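> Mind looking over this structure? Questions follow.
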Amino acid sequence: MHREKILRLLESYPIIFDSDRAQVERVRRFVETNPRCFDGSLAVGHLTGSAWIVSPDRCRVLLTHHHKLDRWLQLGGHADGDPDIFSVAQREACEESGLRHLRPLSPWIFDIDVHGIPARPGTAGHYHYDIRFIFEADPAAPLVVSHESKELAWVDLASIAEPDFDGSMHRMARKTAQFLP
């Protein structure tokens, strides 16, 4: 079954914050009830893979100013049918940043978030069941802004606490500060 790997990853996800339990259960139910969960054309929603890219000193994170959503976010994107969500996160991060070298800090899920995507012309509103992994990259490496971004920037982890960033970004920043050396 093409969903077995993601279900195993969800089973092994460490519950750190109370909100994690509900997110895991919501994603698990979605995956179990939607054989096409990796397909971006599934109207109700689909799995996405994201990369939380930190600097070696864990003081900065690479963010993209997302073109369509007009918000600063971690890099990532649609699975497009690929059931290897870790590879999706890594591929999307490289495509969106131009980085050639991302070092995975763990093969396990770093964070999970379910969030609504607003309707746009030709696309109905839907949900992203976002599976996030943590990577490390060299902030001195050249970056290339893709068509999906307005800008890329290394942002001080401490500034993620500002109101400009949503709750899931705050949560990932806390996880980075608390759980990685």
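> For the range 42-55, state whether one or more residues are among the polar types (S, T, N, Q), at pLDDT 95 or above and in contact with a Pro (Cβ under 6 Å, 6 or more places away or on another chain).
Within the range 42-55, one or more residues are among the polar types (S, T, N, Q), at pLDDT 95 or above and in contact with a Pro (Cβ under 6 Å, 6 or more places away or on another chain).
> Residue by residue through the range 76-108, note down the ones that are touching a residue at least 60 places away in the same chain (Cβ under 8 Å) and acidic (D, E).
Scanning the range 76-108 gives a single hit, D84.
> Can you say whether R58 is surrounded by fewer than 24 Cβ atoms within 10 Å (Cβ to Cβ), touching an Asp or Glu at 6+ places or on another chain (Cβ under 9 Å) and at positive phi, as far as the supplied structure shows?
For R58, the condition - surrounded by fewer than 24 Cβ atoms within 10 Å (Cβ to Cβ), touching an Asp or Glu at 6+ places or on another chain (Cβ under 9 Å) and at positive phi - is met.
> Looking only at residues in the range 6-21 that are at pLDDT below 95 and surrounded by 13 or more Cβ atoms within 10 Å (Cβ to Cβ), which one is nearest to I109 (Cα to Cα)?
Here the residue is Y13.
> Could you run through the range 29-38 and say how many residues are surrounded by fewer than 16 Cβ atoms within 10 Å (Cβ to Cβ) and closer than 20 Å to A89 by Cβ?
Summing the residues that are surrounded by fewer than 16 Cβ atoms within 10 Å (Cβ to Cβ) and closer than 20 Å to A89 by Cβ in the range 29-38 gives 1.
> Mind listing whichever residues of the range 61-70 are closer than 20 Å to F133 by Cα and either exposed (fewer than 15 other Cβ atoms within 10 Å of the Cβ) or not β-branched (V, I, T) (or both)?
L62, L63, H65, H66
> State the number of residues belonging to the range 4-18 that are touching a residue at least 12 places away in the same chain (Cβ under 8 Å) and in a loop (DSSP other than H, G, I, E, B).
5
> Continuing with this model, one more query. Going by what's in this entry, would L105 be described as surrounded by 17 or more Cβ atoms within 10 Å (Cβ to Cβ), modelled with pLDDT of 90 or more and within 14 Å of the chain's Cα centre (by Cα)?
no
> Additional query: Can you list the strands (runs of 3 or more DSSP E) found entirely within the range 111-181 that contain at least 2 residues being touching a residue at least 24 places away in the same chain (Cβ under 8 Å) and more than 15 Å from the chain's Cα centre (by Cα)?
149-156
> Does any residue in the range 19-39 that is under 12 Å from Y127 (Cβ atoms) come within less than 7 Å, Cβ to Cβ, of a residue that is assigned to a helix (DSSP H, G or I) and at pLDDT 95 or above six or more places away or on a different chain, and which pairs are these?
Matching pairs, first to second residue: V27/L10; C37/F30; C37/V31.
The values are calculated or read from the model by the stated rules, or taken from the named source; none is laboratory data. Here the structure is a predicted model, which is why all the values come from computation and not from measurement. All Cβ positions, even for glycine, are placed from backbone atoms using ideal geometry, and neighbour counts span all protein chains on display.
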